1. Does L261 meet the test of being surrounded by fewer than 24 Cβ atoms within 10 Å (Cβ to Cβ), more than 16 Å from I53 (Cβ to Cβ) and in contact (Cβ under 8 Å) with a residue 60 or more places away in the chain?
2. Where the second residue is of a type in the set (D, E) and crowded, with 17+ Cβ neighbours inside 10 Å and the first is over 12 Å from R35 (Cα atoms) and lies in segment 169-192, which pairs have Cβ atoms under 9 Å and are six or more apart or on separate chains?
3. Restricting the search to segment 10-52, which residues are free of Cβ contacts under 8 Å to residues at least 60 places away in the same chain, under 17 Å from W206 (Cβ atoms) and surrounded by 15 or more Cβ atoms within 10 Å (Cβ to Cβ)?
4. Give me the helices (runs of 4 or more DSSP H) completely within segment 196-291, filtered to those with at least 3 residues that are within 22 Å of F122 (Cβ to Cβ), ordered by residue number.
5. For segment 218-228, state whether one or more residues are surrounded by fewer than 17 Cβ atoms within 10 Å (Cβ to Cβ) and either free of Cβ contacts under 8 Å to residues at least 60 places away in the same chain or under 16 Å from the mean Cα position of the chain (by Cα) (or both).
6. Any residue at all in segment 111-134 that's among the basic types (K, R), closer than 27 Å to I12 by Cβ and under 20 Å from the mean Cα position of the chain (by Cα)?
7. Take the residues of segment 157-189 that are under 14 Å from M82 (Cβ atoms) and of a type in the set (F, W, Y): which is surrounded by the most Cβ atoms within 10 Å (Cβ to Cβ)?
Amino acid sequence: MDNEKNQRIGRIISYVTIILPFLVTIFAIFFMPPRTIDLILFGVMYVLTVFGITIGFHRYFTHHSFECKPWVRDALIILGSMAAQGPLLYWVASHRRHHRYADQPGDPHSPNEGTKNWIVKFRSFWHAHIGWMLKYQPEDYGRYAIDLLKSKKIVNLSNKYIYWILLGLVVPGIIAGLYTHSLYGIMSGIVWGGFVRIFVVHHVTWSINSICHLFGKATYANQDKSTDNLLLGILALGEGWHNSHHAFPTSARHGLLWWQLDFSYLTIFILSKVGLVWNIKQPKISNIKPI
């Protein structure tokens with residue numbers, strides 16, 4: 001009974017965090033055009049929360065690509081949670097399961113079902129991009145996130161997921177309100193720095209699951225259908241080099257070729273220079289041979 005209740009609550013939260021930002025974004029486009037402060041808050045919150053996902057949830061917690069100071073770790077949990085893509089434990093467990101069964105039965109969000117039927121292909125794309133989250137299923141944390149369960153601090157911060165989402169809405173609202181000295185400024189900051197930012201971050205990062213398993217170039221020979229996608233390599237701050245990531249999953253650097261911009265890795269590198277990050281994992285570039 002508890003499992004059914006948790007699954008029901010999980011689906012409700014999924015629907016709200018997916019549909020509400022979409023509706024608010026439509027409203028904002030027509031009735032609340034952004035001002036300069038709104039665009040600045042959108043940009044800053046976008047970068048911070050995408051880094052929370054790419055550097056934190058993905059490269060640090062899922063793949064242990066580097067080590068960092070405890071307060072940096074905690075900040076990454078909070079920033080990643082503000083992206084509203086699920087609590088840390090759930091995100092890590094589902095992503096590790098994705099790697100274990102990439103584009104095979106058991107992959108939680110593969111867009112490949114081995115058919116040329118365009119209706120099935122569209123349905124598979126929809127499932128990979130967003131549909132799998134609307135059919136929320138609890139993950140086996142004991143199997144896929146046992147290392148994280150050993151830390152009470154990490155579990156506690158992950159369990160405060162909803163509070164971190166709310167914080168990600170309130171902070172830009174407060175900043176915009178202080179800047180404009182108006183109630184409208186508070187609301188506009190919440191809308192553009194919060195809801196619209198969540199909507200855009202959602203679809204950029206979800207495109208790694210869908211588009212980067214359908215469109216792009218397979219730079220390295222993998223057993224799955226992951227690709228490197230230039231546009232998403234830029235918009236997702238380095239995550240779009242998805243084929244490279246599947247070839248070297250524990251690497252903190254995803255853009256392995258000289259022209260592949262990887263802002264997440266660049267940030268990790270800069271943090272290492274000031275002593276906040278160390279033991280950065282990456283393959284020797286001289287040993288990498290693209291296909």
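1. Details: surrounded by fewer than 24 Cβ atoms within 10 Å (Cβ to Cβ): yes; more than 16 Å from I53 (Cβ to Cβ): yes; in contact (Cβ under 8 Å) with a residue 60 or more places away in the chain: no.
Spelling it out, it is not the case that L261 is surrounded by fewer than 24 Cβ atoms within 10 Å (Cβ to Cβ), more than 16 Å from I53 (Cβ to Cβ) and in contact (Cβ under 8 Å) with a residue 60 or more places away in the chain.
2. Partner pairs satisfying both residue conditions: P172/D38.
3. Of everything in segment 10-52, just one residue is free of Cβ contacts under 8 Å to residues at least 60 places away in the same chain, under 17 Å from W206 (Cβ atoms) and surrounded by 15 or more Cβ atoms within 10 Å (Cβ to Cβ), namely G52.
4. Numbers: elements: 197-210, 230-235, 242-247, 263-273.
It comes to 197-210.
5. Within segment 218-228, none of the residues are surrounded by fewer than 17 Cβ atoms within 10 Å (Cβ to Cβ) and either free of Cβ contacts under 8 Å to residues at least 60 places away in the same chain or under 16 Å from the mean Cα position of the chain (by Cα) (or both).
6. Step one: of segment 111-134, the residues among the basic types (K, R) are 116, 121, 123.
Keeping just the survivors that are closer than 27 Å to I12 by Cβ gives 123.
Keeping just the survivors that are under 20 Å from the mean Cα position of the chain (by Cα) gives none.
Checked segment 111-134: no residue is among the basic types (K, R), closer than 27 Å to I12 by Cβ and under 20 Å from the mean Cα position of the chain (by Cα).
7. Here the residue is Y161.
Read the figures in this text as sums done on the coordinates, not as results from a lab. A quick note: this is a predicted structure, and the numbers were derived from the prediction, not measured. For neighbour counting, all protein chains shown are included, and Cβ atoms are generated from backbone atoms with ideal geometry for every residue, glycine included.
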